[in-house]
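The block underneath contains the structure these notes are about, expressed in structure tokens.
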There are 4 protein chains.
Amino acid sequence: MGIADRREREKSERRRLIMDAANRLFNSKGFSATAMEEIAKESELSPGTIYLYFKNKEELYGSLSVRDLGLLLERLEQINKSEERDPQKRLEALKGVLYSIYEHDPILLLNVFNFQTSNLFKELSEDLATEIRRFSRRALRTIASIFEYGIHQGTFTQRNPIAIADIVWSVFSGIVIWEESKNALDPEKNYIRETLDLAFEIIILGVKK
Amino acid sequence: MGIADRREREKSERRRLIMDAANRLFNSKGFSATAMEEIAKESELSPGTIYLYFKNKEELYGSLSVRDLGLLLERLEQINKSEERDPQKRLEALKGVLYSIYEHDPILLLNVFNFQTSNLFKELSEDLATEIRRFSRRALRTIASIFEYGIHQGTFTQRNPIAIADIVWSVFSGIVIWEESKNALDPEKNYIRETLDLAFEIIILGVKK
Amino acid sequence: MGIADRREREKSERRRLIMDAANRLFNSKGFSATAMEEIAKESELSPGTIYLYFKNKEELYGSLSVRDLGLLLERLEQINKSEERDPQKRLEALKGVLYSIYEHDPILLLNVFNFQTSNLFKELSEDLATEIRRFSRRALRTIASIFEYGIHQGTFTQRNPIAIADIVWSVFSGIVIWEESKNALDPEKNYIRETLDLAFEIIILGVKK
Amino acid sequence: MGIADRREREKSERRRLIMDAANRLFNSKGFSATAMEEIAKESELSPGTIYLYFKNKEELYGSLSVRDLGLLLERLEQINKSEERDPQKRLEALKGVLYSIYEHDPILLLNVFNFQTSNLFKELSEDLATEIRRFSRRALRTIASIFEYGIHQGTFTQRNPIAIADIVWSVFSGIVIWEESKNALDPEKNYIRETLDLAFEIIILGVKK
DNA sequence: CATGAATGAGGGTTCATTCAT
DNA sequence: CATGAATGAACCCTCATTCAT
């Protein structure tokens, strides 16, 4: 490995270091309530260094969204690439992916969500904004293609697959946000798994012929 | 009308004036990005005056949630009080209520949502926090009772009504947030109505016997 | 009693009412930390009314000083007017007066003191400032005349009576402030009486022939 | 001198810079009337920088007291460590110290005083409050030991040394405050030196056998 | 590249004072 | 006279960002 490579790797490692720290803090305290200096401290770097890797606070937050969406996208695309031929099984796999994403980082989707809704978007560089939009669209389209496949096979009823994908995405994100917020108030009871299972049960009943 | 009455009315009008201005600004710029002075300017009052009506910025925001939730709750309870005997029709009424709420203020639910998720809750006076929680719980229970009614009548399949209410609430909020965020990026195309219709169609298929 | 008289009396009663309330609050929280609205509430009047009786916050505070100084002055002048012929006994009477003032309102002198030191003086109307200065000077001169009397009688050593009065005044105020501040830290132990007694003992030894 | 050392020195110089500026302003305008921004301007720094060195306005004020008390304490302790065997000479030295402190900063003691009396104490960090209390107590005890020494030697009359120290402290502070306030009103005439001399004369007569 | 001290604009909030009723 | 709602200037403090080292 050449020196240039090592530099490159160290650089991207440091980027990840910052993003991980930022993710932890943004998740636990929210965007506005997290100070850049805290992120610096958490990542054991100085504030100035953060700005060598990210143009500003918004871009740092946006980069988290990109990373998360990329992760999600990759997993989703594996479903379509799989050998599985039964549409309902593919739907189950979708549930599995979404749930595992939730388990990996409970509010990953909430972040992606909040970010897109929020006005932080406006502060973003065109590049990053475009990337988020593209990833987001691709994720939706990938979900849609699972349904398309089912419709094509004749197992699912004829409906607009993109619209169904929107619904799946919405209900999933909605449940995660909603149950997480209930969780925050009463940490004892966590019904996310059950609610998600039920939601999928209903969706399958609703789309199957 | 006595002087005291008039005073009282003026006072509550002023409160509403502030809340409306705050709502507009919070909606378009978000909580943190909105300065109290802007709210003052928007409501044609002075900063000091805002503080005569609301203890602080958080309480002002929280009061918006309470007002919104109250509005929603009232509409929901009318469904159960209605003469309608057909469970599916009641479900349609629920859709109508949620949609009309959306039309009245597209991000009303988003606000309620974001608020509960956010850390702003911690800054709230106990009174206000309790009220929000109570309203929120009652709204859920009211939705649940629509399903209970259908199960009781034998039209809907036997399932936990509270869980279904959570799903309905989640999917509805999720769609609104999601479509609104797509809206923000591309204001030409608004598919909310269609997506909601489809979502309800699926839910009805999913819960009917 | 005519109507005009009653008006006058009510007016001065209200003045006193406000001053008493202000005194209590200034004493317990200090000048800056006391809000005019608190004084209004404590005196069961409205903020606006306070301003009918006092031009501003500083004048209200200054008026307290005037009242206190007047009270003190009256008591001091009685000593000189008394039948008592023994200079040392007159000195004892002086101690009694100062101590009873302290008992009446522990920080009366502290207030007079702080006020004169503070920059509040600058905000005062010329009238009030002049009055405070005149009272203050007269109080000093009255104390001085007690010593003059003793020197004249040949019981006290020949010294500048005004300077001695300054010292008496300083030591007395100093002790009150100092012991009060120790009091604030450890309310159990109150040595003011003992310290004052000792101070007078020393002074008497110091001035007697 | 290493870089770290220089950093350290610059840092403490900066601290002193701020404290000096703050001292000037607090002295001339009082605590409440002095804005942090003025202190920033006076020390040619930005407001934010002040907060890098002091947690808040109260702590800045408190730090001044600590510095002043430290200075005083050091001087007082030198009296006891000195070769001087004559108690009355030691008393003279005490007068000298107190007077030189006064000359160094005429209202140093007034500040220490006012601070302890004021409610600012409550806002202080435990550390700083403790330090002020400790210094204050030690200063008193050091003064007391001068008298103890005189009593032990048989030159002074048997009296509670701590109480005498309180009196000395009180009369000295009292005179400074009092004469300064007269000074403020009529800057022509400054009798502090004379008054202090007379006060010491009286005290010495009062405590000597 | 990395640092972290310094910046200074901006935010939330208070409160002495006014004035229409 | 009395009121108290309204004002708005001013204050303390934070924190995203910069830049000399």
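Residue by residue through the range B:175-209, note down the ones that are facing chain A (nearest Cβ under 7 Å), over 26 Å from B:LYS89 (Cβ atoms), surrounded by 19 or more Cβ atoms within 10 Å (Cβ to Cβ) and over 17 Å from the mean Cα position of the chain (by Cα).
The one that is facing chain A (nearest Cβ under 7 Å), over 26 Å from B:LYS89 (Cβ atoms), surrounded by 19 or more Cβ atoms within 10 Å (Cβ to Cβ) and over 17 Å from the mean Cα position of the chain (by Cα): B:SER181.
Of (1) within 18 Å of the chain's Cα centre (by Cα); (2) within 7 Å of chain B (Cβ to nearest Cβ), A:ALA165 satisfies all except one. Which?
Only one criterion is unmet by A:ALA165, namely (2).
Residues C:LEU108, C:LEU128, C:LEU124: which one is under 27 Å from C:LYS57 (Cα atoms), in contact with a Ser or Thr (Cβ under 8 Å, 6 or more places away or on another chain), open to solvent by less than 40 Å² (accessible area, probe 1.4 Å) and more than 16 Å from DNA strand F (Cβ to nearest atom)?
Checking each option against the conditions leaves just C:LEU128.
Tell me which residues, restricted to the range B:46-73, are within 16 Å of DNA strand F (Cβ to nearest atom) and aromatic (Phe, Trp, Tyr).
Scanning the range B:46-73 gives B:TYR51, B:TYR53, B:PHE54.
If you check D:LYS81, D:LYS29, D:LYS89, which single one turns out to be among the charged types (D, E, K, R) and not assigned by TED's automatic domain parsing to the domain that holds D:ASN190?
D:LYS29
Each row is one residue, and each column tells you yes or no for (1) surrounded by 23 or more Cβ atoms within 10 Å (Cβ to Cβ); (2) at pLDDT below 90.
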site	(1), (2)
A:ARG133	no, yes
A:SER145	no, no
A:GLU148	no, no
A:ILE151	no, no
A:PHE156	yes, no
A:ALA165	no, no
A:TRP169	no, yes
A:SER173	yes, yes
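Between B:GLU44, B:GLU58, B:GLU38, which is at pLDDT 85 or above and at positive phi?
Among B:GLU44, B:GLU58, B:GLU38, only B:GLU44 is at pLDDT 85 or above and at positive phi.
If you take the residues in the range B:31-45 that are charged (D, E, K, R) and near DNA strand F (Cβ under 9 Å from one of its atoms), which one is farthest from the other protein chains (Cβ to nearest Cβ)?
Selected residue: B:GLU44.
The conditions are (1) more than 16 Å from DNA strand E (Cβ to nearest atom); (2) within 14 Å of another protein chain (Cβ to nearest Cβ); (3) under 26 Å from C:ILE18 (Cβ atoms), and C:GLU103 fails exactly one of them. Which is it?
With respect to (1) more than 16 Å from DNA strand E (Cβ to nearest atom); (2) within 14 Å of another protein chain (Cβ to nearest Cβ); (3) under 26 Å from C:ILE18 (Cβ atoms), C:GLU103 is out only on (2).
Please verify whether the range B:148-157 includes one or more residues that are part of a strand (DSSP E or B) and hydrophobic (A, V, I, L, M, F, W, C).
yes
Can you pull out the residues in the range B:25-48 that are in a helix (DSSP H, G or I) and surrounded by 15 or more Cβ atoms within 10 Å (Cβ to Cβ)?
Hits for the range B:25-48 are B:LEU25, B:PHE26, B:ASN27, B:LYS29, B:MET36, B:GLU38, B:ILE39, B:ALA40, B:GLU42.
Using the structure shown, decide if A:LEU94 is at pLDDT 90 or above and within 24 Å of B:SER170 (Cβ to Cβ).
yes
The values are calculated or read from the model by the stated rules, or taken from the named source; none is laboratory data. Not measured: the values here are computed from a predicted model. Neighbour counts run over all protein chains shown; Cβ positions are idealised from the backbone, glycine included. Side chains included, ligands, DNA and RNA excluded: accessible areas come from the protein's heavy atoms. Shrake-Rupley method; radii C 1.70, N 1.55, O 1.52, S 1.80 Å.
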